[in-house]
Amino acid sequence: MYRIGKYDVDDRMCDLVCDNYPVLLVMSRFGISLGFGDATIGEVCRAAGVDAATFLAVVNMLTAGEAMPADDPSGLSVEALLGYLHNSHGYFLDFRLPAIRRKLIEAIDCSSDVALVVIRFFDAYVAEVQKHMAYEEGRVFPYVQALLTGTRPDDYSIDVFSRHHDQVESKLSELKRILIRYYPAQGTNELNSVLFDLFTCEQDLASHNAVEDRLLTPAIRRLEQKGGPQ
């Protein structure tokens, strides 16, 4: 059972992780390692050079789900958010999605027509995720970096990103339905493990998009209104 509610700098990091194990992914994307003993969240963040307010904003939003609004963007470090999101992109593209593909190939009979459809569908989905994240890395993040240096590019705004922000995680639903409805697996453990990974990856991508929509976007709008860095 997850603890639902706000954490603060005086809570122990080990309690946060034990109460909400998906926070392990948040920690790694902020560059926080294990082995912190009984140190508080504030102490661990200081030791890792991580902005504690931004770390807690992400943690509290994700552990509370939609029930808790995003924290005041004025207290967030945009640089820390960009680093978090950049590391998230690397996790999905270089680790999580390739690992799921390997498990998928091992779990299905690649000589069947249905299996070929599944692999092609997954590869097409990964290509969409790559395109989505490449746009953010090549267009959105450099725009934000320019704002942080006091420059306001005239050819872009965060509203453009917000209007065209595809929810790529939703496209995994069709692949899950194909596997559940139509693929006759010989053994259930391997395929069920892949399906479990697809479900958790979908949730993780949804959380990633929530950080962009509910934390990064309001913080960037504030930067745009001020005409410079916070």
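The values are calculated or read from the model by the stated rules, or taken from the named source; none is laboratory data. The structure displayed is predicted, hence computed values, not measured ones. We place every Cβ from the backbone using ideal geometry, glycine too, and count neighbours over all the protein chains shown. The area values use the complete protein model at the heavy-atom level, side chains included, leaving out ligands, DNA and RNA. Shrake-Rupley method; radii C 1.70, N 1.55, O 1.52, S 1.80 Å.
So here's what we get for this one:
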{"item": "Extended-chain gain in nm, criterion 0.36 nm per residue less alpha-carbon gap, Arg222 and Asn189", "result": "7.0 nm"}
{"item": "For the chain, calculated [θ]222 nm from helices alone, where every DSSP H run of n ≥ 4 adds -39500 (n - 2.57)", "result": "-19000 deg cm²/dmol"}
{"item": "Vicinal HN-Hα couplings computed from phi for segment 97-111 (Karplus, 6.51 cos²θ - 1.76 cosθ + 1.60; Hz; Gly/Pro x)", "result": "5, x, 5, 5, 4, 4, 5, 5, 5, 5, 8, 10, 7, 5, 8"}
{"item": "Accessible carbon and sulfur surface of the chain relative to its total accessible area, %, 1.4 Å", "result": "53"}
{"item": "Reachable aspartates and glutamates from Lys176, criterion Cα separation under 13 angstrom, eight or more residues apart if same chain", "result": "Asp197, Glu202"}
{"item": "Net lengthening on full extension, Asp197/Tyr182 (0.36 nm per residue, minus Cα-Cα)", "result": "3.6 nm"}
{"item": "Accessible area expressed per residue, the chain, with surrounding protein chains retained (probe 1.4 Å, Å²)", "result": "50"}
{"item": "Theoretical FRET efficiency, 1/(1+(r/R0)^6), r = Cβ-Cβ of Arg139 and Asp8, R0 25 Å, to 0.05", "result": "0.10"}
{"item": "Mean Cα-pair separation over length for the chain, i.e. relative contact order, pairs under 8 Å, 6 or more apart, %", "result": "23"}
{"item": "Correct option for Rg/Rh (Cα atoms, Kirkwood Rh) [calculated from the coordinates] among [x] 0.96; [y] 1.01; [z] 0.92", "result": "[y]"}
{"item": "Modelled FRET efficiency - R0 35 Å, Asp113 with Ser173, Cβ distances, 0.05 increments", "result": "0.95"}
